[in-house]
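The block underneath contains the structure these notes are about, expressed in structure tokens.
The values are calculated or read from the model by the stated rules, or taken from the named source; none is laboratory data. Just so it is clear, the model here is predicted, and its values are computed rather than measured. No Cβ is skipped: glycine too gets one built from the backbone with ideal geometry, and neighbour counts run over all protein chains shown. Note: accessible area is taken over every heavy atom of the protein model, side chains too, but ligands, DNA and RNA are not part of it. Shrake-Rupley method; radii C 1.70, N 1.55, O 1.52, S 1.80 Å.
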Amino acid sequence: NQDDKDDIDAEPEDDESSPKKSVHDDDDADDDTDRVGDDSSDEEYRPRYRPGPVRAIGSRIAHSLGGGLSRLASNMQNLGGAKLMHDHPTQYTYVRQSLLLWREVMHNMYRLWIHADDDLLISSNGEYQLWNTGQGLNRVQSCPRIGSAMRQILTRVQRESGLPWVGLSVVHLGDRDVPNALMFIDKYTQVPRLLAPIAMVVQAIPKLCKEDQAVRAYVKQKWGSPNLLQLTILADFFKRAFDGDGDDGGSCIDGRLTSAWNWCSKIVKKDYYPIFNMAGFSGFDGGFREDD
């Protein structure tokens, strides 16, 4: 494995009284952005609420990670459009750390939302720059309070994982990728929309096969058993949703989420997509019906 220490960027001290002066269109713009690394913080970041099922989604998929990837590791070299070519143990750690991070972000979302309001209206006195970020005109504004909170969350997750951090520990804030705090909040509120349908479909497979003989025969013929179908879906998600496809590099904190959304956009092309439909799936935009 590579020396992960080279991938960890420390966050420079931000001047909370003013926004970033410029955002450039080339890769050298990194020096002008709020970047959150894994610096230690004197104050422990303690969440104020328990979100229940949202946190359980990440934990449940993270728990399933071992079985899914360890049994189907032989296909790791065939990743299609992958930008990240990790070996199996590194990929396992990379996905697990990403899911742990998403869980903690969801667990602290209310407080992050308060910090986002402060960054938009107070920290920079409402000042911002209007830039074409490649996704149209956006309000580019520094996010010191969100950055501080994310540094604490990231440090906690790195400590909890018990292993060297895989990939970059940079969180884009106030740049062309995440122009302002509102865009940050919008990006991470998508996590349950992404994970919940996958978890629900995987959990529904045994019940579908038990209640419908035709479905059971279809699953047995194509995948061998309901359990192997579950592992196929999970292994595909853990490999191809975290391979950097759809993002430039894909190993930074935000690139992981972009890569996962890219996988979601291709769900209709998966050979197990009919199973998603049978389980009641209708999209990753919040439309997922649940039978009584």
Which whole-Hz couplings ³J(HN,Hα) result when phi for each residue of the stretch 209-216 is put into the Karplus expression 6.51 cos²θ - 1.76 cosθ + 1.60, θ = phi - 60°, listed in order with x for Gly and Pro? 5, 6, 8, 10, 5, 5, 5, 4
What residues have an amide H closer than 5 Å to that of LEU173, excluding those fewer than 5 places away on the same chain, when H is modeled at 1.01 Å from N in the peptide plane? ASP34
Dipole of the stretch 172-233, Cα-centred, from +1 at each Lys and Arg C-beta and -1 at each Asp and Glu C-beta, to the nearest 20 debye? 340
Sort TRP131, TRP165 from largest to smallest accessible area, using a 1.4 Å probe on the heavy atoms of the protein chains. TRP131, TRP165
Name the residue farthest towards the positive end of the dipole of the stretch 123-177 from the options GLY136, HIS172, GLY147, assuming +1 on Cβ of Lys and Arg, -1 on Cβ of Asp and Glu, about the Cα centre. GLY147
Place a +1 charge on the Cβ of each Lys and Arg in the stretch 116-215 and a -1 charge on the Cβ of each Asp and Glu, then give the dipole magnitude about the Cα centre in debye, rounded to the nearest 20. 260
Probe radius 1.4 Å, ligands and nucleic acids ignored: give me the carbon and sulfur share of the accessible area of the stretch 129-212 as a rounded percent. 53
At 1.4 Å probe radius, can you tell me the per residue accessible area of the stretch 161-210 in Å²? 35
How large is the charge dipole for the stretch 203-283, taken about the Cα centre, if only the Cβ atoms of Lys, Arg (+1) and Asp, Glu (-1) carry charge, to the nearest 20 debye? 440
Within the stretch 135-292, what is the number of lysine pairs with alpha carbons under 27 Å apart, leaving out pairs fewer than eight places apart on the same chain? 25
